Amino acid sequence: MNFKLTQMPERFVKPRVSGITMVMDKGLSVEETRNFLSISHPHIDIVKLGFGTSFVTPVLKEKLDVYRSYNIPIYFGGTLFEAFLIRNLFDEYLAVCKEYGISYMEVSDGSITIPHSEKCGYIEKMTHHGTVLSEVGSKDAEHIIPPYKWIELMRAELSAGATYVIAEAREAGNVGIYRGSGEVREGLVQEILTQIPQEKILWEAPQKSQQLYFIELIGCNVNLGNIAPTEVIPLEAMRVGLRGDTFHLFLDKKMAK
């Protein structure tokens, strides 16, 4: 950090296994990627090339090289995995990941329906090829999953070999663990945390109010995902109490008066 302040929370440093920030890149150019990383790279742990953007992104390999120059892992969005899977091209998906040097992979079923045992089988197979993140939850706002089912699914996917389970929220933060308004389904979140270790959950939280909720609930080292490139620095400031929303969160209560 640029200067010393007392009463700062203990923020884990990279390489982190908890307190990670996953950024969603929905189509940055190569030059935009360079500029973005020049200021934000210390605070980024993983980058997701959102949904199927990697298929239509020109000079994809050059862009991936920019991320790798900062030692930041990249993975393709789960929608791309599902697009291969529904076409019976699972092996081809693994081949694409190998061709592009992708060692982080997302397994999801937000847009298609597959038996959960089959999904866990894909997770297990993919652990032989890299680090697996599995997404739980549907992109369909009408499909409400009860808390016990979230827990059951997350537990099974972690047992199958997923390093993290991603709590679905979509890029807008209005499905899954959130209501259509973006409000957190607090009862669901807190029930999940009674059974699933918080350090194994990556909460998709694209909206500031959602990020704030999880920082207040779990602390500065909560795992947060689907963060916009322009929001990385503001999020890091909020994590350590240097934004109005969290200004008093980590201060000694006697001194904060």
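Starting from residues that are within 10 Å of G161 (Cα to Cα) and of a type in the set (V, I, T), keep the ones in the range 109-139 and report whichever is surrounded by the fewest Cβ atoms within 10 Å (Cβ to Cβ).
Filtering the range 109-139 for residues that are within 10 Å of G161 (Cα to Cα) and of a type in the set (V, I, T), the one surrounded by the fewest Cβ atoms within 10 Å (Cβ to Cβ) comes out as T127.
Give the residue, chosen from E183, E168, that is under 16 Å from L133 (Cβ atoms) and at pLDDT below 95.
Just a single option satisfies the conditions, and that option is E168.
Here's the yes/no breakdown for (1) touching a helix residue (DSSP H, G or I) at 6+ places or on another chain (Cβ under 9 Å); (2) small (G, A, S):
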{"residue": "S18", "(1), (2)": "yes, yes"}
{"residue": "K26", "(1), (2)": "yes, no"}
{"residue": "V30", "(1), (2)": "yes, no"}
{"residue": "T33", "(1), (2)": "yes, no"}
{"residue": "L37", "(1), (2)": "yes, no"}
{"residue": "P42", "(1), (2)": "yes, no"}
{"residue": "V47", "(1), (2)": "yes, no"}
{"residue": "F51", "(1), (2)": "yes, no"}
{"residue": "R68", "(1), (2)": "no, no"}
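Y93 - would you say it is among the aromatic types (F, W, Y), surrounded by 14 or more Cβ atoms within 10 Å (Cβ to Cβ) and either over 26 Å from R16 (Cα atoms) or touching a residue at least 40 places away in the same chain (Cβ under 8 Å) (or both)?
So Y93 passes the test.
In the set H143, H129, which member is at pLDDT 95 or above and part of a loop (DSSP other than H, G, I, E, B)?
Only one candidate passes the filter, namely H129.
Given (1) surrounded by 19 or more Cβ atoms within 10 Å (Cβ to Cβ); (2) hydroxyl-bearing (S, T, Y); (3) out of contact with any helix residue (DSSP H, G or I) (no Cβ under 8 Å at 6 or more places or on another chain), where does T246 come up short, assuming only one miss?
All conditions pass for T246, except number (3).
Kindly establish whether L242 is over 23 Å from L158 (Cβ atoms), modelled with pLDDT of 95 or more and within 17 Å of the chain's Cα centre (by Cα).
no
Please find, within the range 201-243, the residue that is farthest from V184 (Cα to Cα) out of those that are surrounded by fewer than 17 Cβ atoms within 10 Å (Cβ to Cβ) and not hydrophobic (A, V, I, L, M, F, W, C). Steps first, answer last, please.
First, the residues of the range 201-243 that are surrounded by fewer than 17 Cβ atoms within 10 Å (Cβ to Cβ): 208-209, 216-217, 228, 230, 233-234, 237, 242.
Filter again for not hydrophobic (A, V, I, L, M, F, W, C), leaving 208-209, 216, 230, 234.
Working: K208: 12, S209: 9, E216: 13, T230: 22, P234: 20 Å.
Here the answer is T230.
Aromatic (F, W, Y) and either surrounded by fewer than 15 Cβ atoms within 10 Å (Cβ to Cβ) or within 17 Å of the chain's Cα centre (by Cα) (or both): is that true of F36 in this structure?
Here the answer is no, as F36 does not meet what is asked.
For the structure I just gave you, tell me whether F214 is touching a strand residue (DSSP E or B) at 6+ places or on another chain (Cβ under 6 Å) and of a type outside the set (D, E, K, R).
Yes: the conditions hold for F214.
Residues are listed down the side, and each one gets a yes or a no for (1) among the hydroxyl-bearing types (S, T, Y); (2) within 19 Å of V232 (Cα to Cα); (3) in contact (Cβ under 8 Å) with a residue 12 or more places away in the chain; (4) surrounded by fewer than 20 Cβ atoms within 10 Å (Cβ to Cβ):
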{"site": "V17", "(1), (2), (3), (4)": "no, yes, yes, yes"}
{"site": "E31", "(1), (2), (3), (4)": "no, yes, no, yes"}
{"site": "H43", "(1), (2), (3), (4)": "no, yes, yes, yes"}
{"site": "G52", "(1), (2), (3), (4)": "no, no, yes, yes"}
{"site": "V56", "(1), (2), (3), (4)": "no, no, no, yes"}
{"site": "K61", "(1), (2), (3), (4)": "no, no, yes, yes"}
{"site": "I72", "(1), (2), (3), (4)": "no, yes, yes, yes"}
{"site": "G78", "(1), (2), (3), (4)": "no, no, yes, no"}
{"site": "I86", "(1), (2), (3), (4)": "no, no, yes, yes"}
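The values are calculated or read from the model by the stated rules, or taken from the named source; none is laboratory data. The structure displayed is predicted, hence computed values, not measured ones. In this analysis, Cβ positions are derived from the backbone assuming ideal geometry, glycine residues included, and neighbour counts consider all displayed protein chains.
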